[in-house]
Amino acid sequence: MFLRNGKIGVFDLSTMQSSEEEYTDELAKDDISSVRLAERLSSEHGEDSLILGTGLLTASFVPAACAGIVWTKRGLAPILGFAGFELKLTGFDFVVVKGRSDKPGYLWIRDGVIEFVGSEKVPTLDSWKRTDRIRADQGDGKIQVLSVGAWGDAGKHAAQMVIDYWGGEDKVGLGSEFGVRNLSAIAFRGMGELELSEPEKHFEDSLLLLRDHIQRLGKNEGLASYWKGAGRDDFRKITHRSVACYGCPYPCRSYLKVFEDPKELRLVEKEPGYLHYDVPALEKCFGSGLSASDATIVMMKCARAGAEPVSVLDSIVASGSKVTLEAVDSALAKPSDIKNVRAMNFEASFDDIEQYKISLGLGVCPRYWSKVGFNLQGVAAYGQSALGSLPQL
Amino acid sequence: MSSSIILHIEDKANYFGLVLKTKSEGLIVARPEGLSSGQQSTGSGGPGAKPILLREPCDLCGGKPKCAKVCPTKCIVVEE
């Protein structure tokens, strides 16, 4: 089996037992979409399952093949950055999390092993400190952490799952799914390797595709290349640099520094700013009259608390208050039952939500591929040299 | 296909550099603070340093380094 591990990990939080299932070629051929496979795994393991998954092309050389997914019956969220890539190198193509833990802690996945690490301390921390703590405890700064804050612990609808430190993927309230399972975080590190059918051919084919894309796309402006709202002067002035996800030649992530000179490249401040790729949250901030600097601070506060920013700002406006940093502090101070407005971020990449699911299910970034033109057969064909044979599409 | 080059990152601060394992100088770390060489870890320490330490030193892919070919911004180039 090429470009895959052939394993599905299962962890039952109620019994603290882990097990494995085979991820066969037949299963992969039946359903090439990781989204549909996650739905199928849920029907087999229980509707309350939380499923982490990777696509057929995740971690390949196909441009922007960086996407994994988190699926629950509440909804679907991509996991981007390096998280989808690292997840695939843990030794599992999918991980099914069942049941509920009777003690707080986090799941730790690596080298084909899934374990629960009990911790009374981690739930007392905000999402950023959870990531710091887990990376320090496990001794590796490259561990990917899906974490939540107080809002997720409380199981609130407007809770947001944060990836390492940043928010923008979870617009469906998956953060609350952690809380109801007594999970403070899910951490993983990919130290494994994947075999490719024809590695040199796959590299060269993908390189040709990459060069074609770069030529067509032109100069990259970070998030402003995907959303004009990020082209405003105050946003540009505090932009430090753009950051790409695994395998992406045309990044949509702009890091803004608010507590340090944005031109500073050395490591001085530990928490100087925030990585922006949450378009609806920024739209809401700017629409509420916030500057790029204050919008960045709002996003930092929401990410730490594990609260979805559009929902939080909507609740402030609905209460008749003006959106200020103080009002945001006040709204975040105690998790409340505000509505999750289900803003669309990556979901809005295509006019058709099915296209979003298809691209994500294959393991490629919907935002990037909507920009360069997504065609399932065309994209999948580039995976043939990695996969060996092309599944029925 | 092996890799002798990795990113050195502190993602919360958006700080980054590159680590290259060479035959002649050991690990070469390129960071905003400048170039350093001969170190035995990437600075991030722990298991994070493991992949680069386990790799064979860079052989320039036999003359046509793939890292330079695939780098979309030409940050990685080959100097003769």
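Over the protein assembly as shown, dividing the summed -39,500 (n - 2.57) contributions of all DSSP H runs of at least 4 residues by the number of residues returns a 222 nm mean residue ellipticity of -8500 deg cm²/dmol. Label sites at B:Thr22 and B:Glu10, each approximated as a point 7 angstrom past Cα along Cα to Cβ, lie 2.5 nm apart. Computed from the C-alpha gyration tensor, the three semi-axes of the ellipsoid equivalent to the range A:148-211 are 37, 15, 9 Å, from longest to shortest. Mean partner shielding of peptide A:138-148, defined as the number of other chain Cβ atoms within 10 Å of each residue Cβ, is 4.
Here's how it looks for A:Arg4: its modeled amide H is under 5 Å from those of A:Glu195, which are all 5 or more places away or on a different chain.
Each 5 Å bin, from zero up to the one with the longest distance, holds this percent of the alpha carbon pairs of the range A:222-333: 2, 12, 23, 23, 19, 13, 5, 2, 0.
One way to sum up the overall shape of the range A:102-193 is the equivalent ellipsoid from its Cα gyration tensor, whose semi-axes run 20, 14, 12 Å, largest first.
Cα-based radius of gyration for the range A:263-393, normalised by 2.2 N^0.38 Å, reads 1.38.
Peptide B:21-31 shows a mean partner chain C-beta count of 0 within 10 Å per residue C-beta. Using the Kirkwood radius over Cα pairs, work out the Stokes-Einstein diffusion coefficient for the range A:72-137 at 37 °C and 0.692 mPa s, in µm²/s as a whole number. Once the numbers are plugged in, D ends up at 240 µm²/s. The eigenvalues of the Cα gyration tensor, multiplied by 5 and square-rooted, give chain A an equivalent ellipsoid with semi-axes of 31, 26, 18 Å from largest to smallest. Dipole magnitude for the range A:50-147: computed about the Cα centre from +1 point charges on Lys and Arg Cβ and -1 point charges on Asp and Glu Cβ, it is near 280 debye. Remark: the range A:222-333 carries a charge dipole of roughly 340 debye about the Cα centre, counting +1 on each Lys and Arg Cβ and -1 on each Asp and Glu Cβ. The dipole here belongs to the protein assembly as shown: it is taken about the Cα centre, uses +1 on the Cβ of Lys and Arg and -1 on the Cβ of Asp and Glu, and is about 960 debye. The rule of thumb for compact globular proteins, 2.2 N^0.38 Å, goes into the C-alpha radius of gyration of the range A:245-304 1.20 times. Highest average first, the peptides A:280-292, A:137-149 ordered by how many other beta carbon atoms sit within 10 Å of their residues are A:137-149, A:280-292. Calculation over all alpha carbon pairs of the range A:28-68 in 10 angstrom steps from 0 returns a P(r) of 30, 46, 20, 4 percent. Beta bridges per DSSP, both residues in the protein assembly as shown: antiparallel share near 85 percent. Here's the picture: charge each Lys and Arg Cβ at +1 and each Asp and Glu Cβ at -1 in the range A:313-393, and of A:Ala381, A:Ser349, A:Cys365 the one pushed furthest to the positive end of that dipole is A:Ala381.
The mean count of C-beta atoms from other chains within 10 Å of the C-beta of residues in A:110-119, rounded to a whole number, is 0.
Order by neighbour count: A:Lys270, A:Lys257, fewest other Cβ atoms within 10 Å first, most last. Intermediate values should be presented prior to the final figure.
Working: A:Lys270 12, A:Lys257 21.
Taking fewest neighbouring Cβ atoms as first place, the list is A:Lys270, A:Lys257.
Since every read-out is calculated from the coordinates, none of them should be taken as a lab result. Only a predicted model underlies this, so the values are computations on that prediction, with no experimental measurement involved. Note: ideal-geometry Cβ built from the backbone for every residue, glycine included; neighbour counts use all protein chains shown.
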